[in-house]
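Read the structure below first, then the notes.
The values are calculated or read from the model by the stated rules, or taken from the named source; none is laboratory data. Since we're looking at a predicted model, the values are computed, not measured. Don't worry about glycine lacking a Cβ; one is built from the backbone with ideal geometry, like all the others, and counts go over all protein chains shown. Accessible surface is based on the protein model in full, side chains and every heavy atom, while ligands, DNA and RNA are left aside. Shrake-Rupley method; radii C 1.70, N 1.55, O 1.52, S 1.80 Å.
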Number of protein chains: 2
Amino acid sequence: MFIELDLQSETPIYAQLVDQLIEGIASGELKPGDPLPSVRRLAEDLGINLHTVNKSYNLLKQEGFLQVHRKKGVIVQPDGMPGVTEAFEEKLRQQLRSLAAAAAVRGMSEEAFTQESRSVYRNTITNRGGEQR
Amino acid sequence: MFIELDLQSETPIYAQLVDQLIEGIASGELKPGDPLPSVRRLAEDLGINLHTVNKSYNLLKQEGFLQVHRKKGVIVQPDGMPGVTEAFEEKLRQQLRSLAAAAAVRGMSEEAFTQESRSVYRNTITNRGGEQR
DNA sequence: TATCTGTTATATTACATGTATAACACATAT
DNA sequence: ATATGTGTTATACATGTAATATAACAGATA
């Protein structure tokens, strides 16, 4: 599992980590039941603090993407991922609204925006990391 | 121009304001050359501080969506909006990647995600809750 | 002259982020 | 049993951001 953090980014480290773990699950690189590194191990590997990793893990646990087993440690949710809840749809729409408006103002067409969304979705669930085009 | 702020939201007030002004421009509710309220006026109307409005205006000015005229005050960019820059495309893709992964993990199909994007784009550039213009 | 504009400066409060130690209960391997 | 590793919790500290509060300035306006 590749994880690349940008310590200069305005996006918090714990949020970058959450994003990349979700992308790992979406891409199939992380499968249900797979173990994740311990908070101390991953923190050391990434050169960050234990509590920052713990915060990410807890957020993912709270959303139902991870489980914590006293025996197996932290694993990817093996009993089915959370579905498309009303809360998620609302958040998705709100974020898309912001992106769509910024795109439209800059002259990006409906088709271009829609195709970009489709393209990103495809790259998300298949390829990872590499550049293309 | 309706502006609704959620003071309880985790999204900063200045960012909500930036978003809604861009949506106003995208929808056509705000047209190039249109004047915006003064920082003091808008701050008072919204019940927030002058500097918060000023921060939003400055961000929008810096991105090229607003102009500040010594005579006309703050107006919507009359000389053509910024286009689809490389920096914007990169930011758009990064945000879409996060959304697409979260959607995919929850079982949202490519088609559903794509159609949601298209739908939101359409609602953005057309009518906004019964405005006349 | 008095008022309004954006702008700048300073100060303060509150909160988020990230780090740093330390300790706890539980499980596991030697 | 002892040592080690696990997630978890508590406390503390430094830094930066967000938001507010006053105050002042230069330029435009009525």
*Could you give every pair whose Cβ atoms fall below 9 Å, whose first residue belongs to the range A:57-78 and is in a strand (DSSP E or B), and whose second residue is within 12 Å of DNA strand C (Cβ to nearest atom) and of a type in the set (Ser, Thr, Tyr), counting only separations of at least 6 or pairs across chains?*
A:Gly73/A:Ser38; A:Val74/A:Ser38
*asked:* Six or more apart or on different chains, Cβ atoms under 7 Å: show the pairs whose first residue is in the range A:5-20 and open to solvent by less than 40 Å² (accessible area, probe 1.4 Å) and whose second is within 14 Å of DNA strand D (Cβ to nearest atom).
replied: A:Gln16/A:Ser9; A:Leu17/A:Val53; A:Leu17/A:Ser56; A:Val18/A:Ser56; A:Val18/A:Leu59; A:Val18/A:Leu60
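Here's the yes/no breakdown for (1) over 16 Å from B:Tyr14 (Cβ atoms); (2) more than 10 Å from DNA strand D (Cβ to nearest atom):
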| residue | (1), (2) |
| --- | --- |
| B:Pro37 | no, yes |
| B:Leu42 | no, yes |
| B:Leu46 | no, no |
| B:Asn49 | no, no |
| B:Asn54 | no, no |
| B:Lys61 | no, yes |
| B:Leu66 | no, yes |
| B:Val76 | yes, yes |
| B:Asp79 | yes, yes |
*Which of the residues that make up the range B:29-43 are more than 14 Å from chain A (Cβ to nearest Cβ) and exposed (fewer than 14 other Cβ atoms within 10 Å of the Cβ)?*
B:Gly33, B:Pro35, B:Arg40, B:Arg41
_Complete set of residues in the range B:1-28 that are under 15 Å from the mean Cα position of the chain (by Cα), more than 11 Å from chain A (Cβ to nearest Cβ) and not aromatic (Phe, Trp, Tyr)_ = B:Met1, B:Ile3, B:Glu4, B:Leu5, B:Pro12, B:Ile13, B:Leu17
*What number of residues in the range B:78-89 are within 18 Å of the chain's Cα centre (by Cα) and either modelled with pLDDT of 95 or more or open to solvent by 60 Å² or more (accessible area, probe 1.4 Å) (or both)?*
8
*asked:* I'm trying to understand the selection: among the residues of the range A:31-48, which are in a loop (DSSP other than H, G, I, E, B) and closer than 22 Å to A:Leu7 by Cβ?
replied: A:Leu36, A:Pro37, A:Ser38, A:Gly47, A:Ile48
*Mind telling me which of the residues B:Ile22, B:Ile13 ends up being in contact with a Leu (Cβ under 9 Å, 6 or more places away or on another chain), of a type in the set (Val, Ile, Thr), near DNA strand D (Cβ under 9 Å from one of its atoms) and within 16 Å of B:Leu59 (Cα to Cα)?*
B:Ile13
*asked:* I'd like to know if the range B:91-112 contains one or more residues that are outside the structural domain of B:Leu21 (by TED's automatic domain parsing), of a type in the set (S, T, N, Q) and open to solvent by less than 50 Å² (accessible area, probe 1.4 Å).
replied: yes
*Give me the pairs: first residue in the range A:87-106 and facing another protein chain (nearest Cβ under 7 Å), second residue of a type in the set (Ser, Thr, Tyr) and surrounded by fewer than 18 Cβ atoms within 10 Å (Cβ to Cβ), beta-carbon distance under 9 Å, and six or more apart or on different chains, which are they?*
A:Arg93/B:Ser119; A:Leu96/B:Ser119; A:Ala103/A:Ser109; A:Arg106/B:Thr85
*Can you tell me how many residues in the range A:39-78 are touching a strand residue (DSSP E or B) at 6+ places or on another chain (Cβ under 8 Å) and more than 15 Å from DNA strand C (Cβ to nearest atom)?*
6
*Would you confirm whether any residue within the range A:108-115 is away from chain B (no Cβ under 11 Å) and either under 30 Å from B:Ala26 (Cα atoms) or assigned to a helix (DSSP H, G or I) (or both)?*
no
